[in-house]
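Working notes, beginning with the structure itself.
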Amino acid sequence: MYTAHEMPPQVPQADLDLLAQAETATIGHFRHIGFMDIALRPLHPGQRICGTAVTLALPSLDSSMLHYALSDMRAGDILVIDRLQDQRFACIGGGVALAALAAGVAGVIVDGPCTDPSEIIDAGLPLWSRGISPITTRMANIGGALNIPVSCGGAVVLPGDAILADESGIIVLRPHEVVETATEAINRQNRGAERQDMLRRGVTRIGDLSGARDRVAKALAGPDS
């Protein structure tokens, strides 16, 4: 059975531009919800994407709905694929990577394996997956669903959510959360850059900056000190 819903509204570009300045590892300092499983890794180091989620539920060996979805993708969309617990069949390879880039896709996140890793890297498609498999999907006429709520890497992803993915991980945000989350992360990054500069110049040490030195020293001295 196949199901296809309309493409979701895209997250405003100004919000995405702001979010693109944030790092997932910084967001992880103050937020713990919405992160995908750390087993989902970028195929190539240094990959980084930010865009609007288009969701796809793709069962076992049938990639028919994936080919259908790539006909409707818009520039800047991120395709998020729930493989429905299948870890055997790779739905993304060199040919599909080229098709995704031709559609303007910003990147693909698949909760399962890919194949043809060198071809995908050479094509330039940013891809996060659970690894590599030589066994591929095909036109099996089993079914699939486009733009429904999915589970990817243990995170719930709704069509139209904002996605930020980098070499540290993947975060899913509802559109109304983007500006506040990004602003907090950028502010923390700016403060962190100042502290790192101080460490490089030998002005201070990390225990003094974090307060750990005083906290531990007080604990070591005992309650009567």
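The values are calculated or read from the model by the stated rules, or taken from the named source; none is laboratory data. Please read these numbers as outputs of a predicted model, since none were measured by experiment. With ideal geometry, Cβ positions are generated from the backbone for all residues, glycine too; neighbour counts draw on all protein chains shown.
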Checklist entry - Does region 64-72 contain at least one residue that is among the aromatic types (Phe, Trp, Tyr), assigned by TED's automatic domain parsing to the domain that holds Ala165 and over 16 Å from Gly153 (Cα atoms)? => result yes
Item to check | From the options Leu84, Leu61, Leu101, Leu56, residue that is modelled with pLDDT under 95 and among the aliphatic types (A, V, I, L, M) | outcome: Leu61
Item to check | Wholly enclosed helices (runs of 4 or more DSSP H) of region 111-225 bearing at least 3 residues out of contact with any Phe, Trp or Tyr (no Cβ under 6 Å at 6 or more places or on another chain) and within 26 Å of Gly94 (Cβ to Cβ) | outcome: 117-123
Item to check | Subset of region 206-225 [of a type outside the set (Gly, Ala, Ser) and either over 40 Å from the mean Cα position of the chain (by Cα) or not assigned by TED's automatic domain parsing to the domain that holds Arg195 (or both)] | outcome: Lys218, Leu220, Pro223, Asp224
Checklist entry - Can Leu98 be described as touching a helix residue (DSSP H, G or I) at 6+ places or on another chain (Cβ under 8 Å) and surrounded by fewer than 17 Cβ atoms within 10 Å (Cβ to Cβ)? => result yes
Next on the checklist: Considering only residues that are surrounded by fewer than 17 Cβ atoms within 10 Å (Cβ to Cβ) and not charged (D, E, K, R), which ones fall in region 152-167?
Outcome noted: Gly154, Val156, Leu158
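Matching residues to (1) farther than 22 Å from Met36 by Cα; (2) among the small types (Gly, Ala, Ser); (3) modelled with pLDDT of 80 or more:
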position	(1), (2), (3)
Asp122	yes, no, yes
Met139	yes, no, yes
Ile148	no, no, yes
Leu158	no, no, yes
Ala185	no, yes, yes
Met198	yes, no, no
Ile206	yes, no, no
Gly211	yes, yes, no
Asp224	yes, no, no
